[in-house]
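The values are calculated or read from the model by the stated rules, or taken from the named source; none is laboratory data. All values reported here derive from a predicted model rather than from experimental measurement. No Cβ is skipped: glycine too gets one built from the backbone with ideal geometry, and neighbour counts run over all protein chains shown.
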C-alpha cells in the first residue's frame, strides 16, 4: 500500500496548524538555502517557499507517489527530489521538517547530523507527532496481534523513534546549538466520528502495516480497526487531541 497523497491531504487543514506554528519560529530572511525533509505532496513546502522570498527551497521525500504530486508545484526557487532523509548532505541556511522525522530511526544520531548541515547563523526547525500512546495507535497493534493478521504481518509492530522533549533539548545542546526552543503542544481536532479517526490513520500510521499485510487481508484489518475505534469513541463528534513536538535550534 503506497503513500496516497489524496488520503493524506484529506485532513490538510488540521495538518497545517502545527506547520504554521513551526513557521512562526523561523527567522525569515531573503535568499536562504532551504531543505524541507519529508515534503510529502508539496503544498506546505510551497507555502514555506512563498514565506521566504528569494530563497532556493528543495523538498525531498522517499515516496514516489508523494513526489509525483509535489512536482506539479515546482517553479523557480522551488524544486523537489526523491531522496531519503537519512542520506541528506550539504549545507543549508534552514533545515526544515514538518511531520516526517517520526519515520526515521535513531534520533540520537539523526538530530546531531541535521544540525551539522545548518550553516552558521541558520536554523534547524522540526515538528513531529508525539501521540503514539493514543488509542488510534495502540488499537492498530491490538488488531495486528490477533489472527489472521498476526501471521500476515509476521509479528511486525512499528517502533516509533520519537524521543521526549527534554531529550531533544539535551541533544541539541550537546550538538552545539547556540539557542533553542523546544516544546510539546496538544492540537485539539474535532472530527465527525470514529471512522474519521480511521481515515486519518490510514493516511499515516497504518501505511507500513498495509505494506506488509497481504492484500486480501486489508479490508478485514480495516474493518476490525474501525470496530474497535467505534467501541472506544462511540460519541459524535469525536475529540482528537493530537500531541506534537516542535523545536527550533540555531548554530
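Below is a table of values for the structure above.
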| read-out | value |
| --- | --- |
| Condition broken by residue 127, with the remaining ones in (1) farther than 16 Å from residue 251 by Cβ; (2) part of a helix (DSSP H, G or I); (3) touching a strand residue (DSSP E or B) at 6+ places or on another chain (Cβ under 7 Å) satisfied | (2) |
| Options 96, 92; residue that is under 19 Å from residue 249 (Cβ atoms), within 20 Å of the chain's Cα centre (by Cα) and surrounded by 15 or more Cβ atoms within 10 Å (Cβ to Cβ) | 96 |
| Qualifying residues in segment 49-67 (those that are surrounded by fewer than 22 Cβ atoms within 10 Å (Cβ to Cβ) and touching a helix residue (DSSP H, G or I) at 6+ places or on another chain (Cβ under 8 Å)) - the one farthest from residue 92 (Cα to Cα) | 65 |
| Odd one out for residue 187 among (1) modelled with pLDDT of 95 or more; (2) within 22 Å of the chain's Cα centre (by Cα); (3) under 14 Å from residue 144 (Cβ atoms) | (3) |
| Matching option when the condition is farther than 15 Å from residue 26 by Cβ, without any contact (Cβ under 8 Å) to a residue 60 or more places away in the chain and touching a helix residue (DSSP H, G or I) at 6+ places or on another chain (Cβ under 9 Å), among 110, 101 | 110 |
| Residues of segment 16-48 classified as in a helix (DSSP H, G or I) and either touching a helix residue (DSSP H, G or I) at 6+ places or on another chain (Cβ under 9 Å) or on the phi > 0 side of the Ramachandran plot (or both), total | 10 |
| Residue ID - farthest from the chain's Cα centre (by Cα), chosen from residues in segment 105-127 that are surrounded by 13 or more Cβ atoms within 10 Å (Cβ to Cβ) and over 16 Å from residue 171 (Cα atoms) | 119 |
